[in-house]
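The block underneath contains the structure these notes are about, expressed in structure tokens.
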Amino acid sequence: VSSDSVLSPSWTVSSPCSVRNGDCSHLCLLSPITPYYQCACPTGVQLLEDGKTCRDGATQLLLLARRTDLRRISLDTPDFTDVILQTDDIRHAIAIDYDPVDGHVYWTDDEVRAIRRSYLDGSDAQFIVTSQVNHPDGIAVDWIARNLYWTDTGTDRIEVTRLNGTMRKILISEDLDEPRAIVLDPVAGYMYWTDWGEVPKIERADLDGTERLVMVNTSLGWPNGLALDYADRMIYWGDAKTDKIE
């Protein structure tokens, strides 16, 4: 049983949130105990020490490519709630990277055979590379020189372009079987990648593709994920066949 007076009360209730949103920068949430309200922030964003102002956004993020969507997880708050980027027509996202300068997220899509980008909120989605792309896999942003690197398991190449998709160049096209993950160290001038083909290995080269060097080629199965610890100069990788992170 309901009545219009209950659903649409005619009386006016004053609350701490009624005036200037309680001086909260984002959310003002009512509370039954004094001071009868609390300021809150969007998911993953920290509240500053003044108890009223939220940070501009998350300072530490984990980005995920989950086949048909992209997600971000703030590491600033303990709940680690994932938020889907509101970008349409993601068919088979494989790898993802972020440009901290312009705020773009870049990803490879194996089904549409393209490299795309958008902002962290999913807006302004664009196709960056669409031609002569077979099975784009790993992707990495050089945030210093403003270049984009990727591996392609169909063309067996490692290529580079400007972040807007222009000035494309093939860097490595020989002795690649199944190139997968790629990571960059722009400060030192190196790129690293995994190859999970018949002879699995992890290699390094200068960012122009020269001075190629095999770093690891023993006790590997399907080396896929790859990460750098810039501070301690360490390489980490995940192996989908041995089920190990080393």
**Long-range Cα-Cα pairs in the range 1-144 (distance over 22 Å), rounded percent** = 55 percent
**Request:** Taking the Cα atoms of the chain, report the difference between the largest and smallest coordinate on each principal axis, in whole Å and largest first.
**Result:** 77, 38, 36
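Which order, highest average first, do 103-116, 120-133 follow once you tally other Cβ atoms within 10 Å for each residue and take the mean per peptide?
Working: 103-116: 20.4, 120-133: 14.6.
Answer by packing, highest mean first, reads 103-116, 120-133.
Taking only DSSP H segments of four or more residues, each worth -39500 (n - 2.57), what value at 222 nm results for the chain once the sum is divided by all its residues, to the nearest 500 deg cm²/dmol? If you can, show how the numbers build up before the last one.
Details: 1 runs with 4 residues, N = 246.
Theoretical 222 nm ellipticity from helices: 0 deg cm²/dmol.
For the range 12-57, take the alpha-carbon Rg, divide it by the Kirkwood Rh, and send me Rg/Rh.
Details: Rg = 10.8 Å, Rh = 10.9 Å.
Rg divided by Rh gives 0.99.
Grab the Cα-Cα distance for Phe80 and Ala125, subtract it from 0.36 nm times how many residues apart they are, and report the gain in nm with one decimal.
Numbers: separation 45, 0.36 × 45 = 16.20 nm, distance 2.51 nm.
Answer, rounded to one decimal: 13.7 nm.
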**Message:** Per-residue counts of other Cβ atoms within 10 Å, averaged by peptide: what ranking do you get for 213-219, 137-143, highest first?
**Reply:** 137-143, 213-219
**Prompt:** Hey, what do the phi angles of the range 212-218 turn into as Karplus ³J(HN,Hα) couplings, whole Hz, using 6.51/-1.76/1.60 and θ = phi - 60°, x for Gly and Pro?
**Reply:** 6, 8, 7, 8, 9, 9, 10
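When only Cα pairs under 8 Å and 6 or more residues apart are kept, what is the percent relative contact order across the chain?
Numbers: 564 pairs, mean separation 18.7, N = 246.
Over the chain, the number comes to 8 percent.
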**Request:** For each of Glu211, Glu178, count neighbouring Cβ atoms within 10 Å of the residue's Cβ, then give the residues from fewest to most.
**Result:** Glu211, Glu178
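Each reported figure results from applying straightforward, stated rules to the coordinates on display, with no laboratory input. From a predicted model like this one, the values you see are computed outputs, not experimental measurements. A quick note on method: Cβ atoms are made from the backbone with ideal geometry, for glycine too, and the neighbour counts reach across all protein chains shown.
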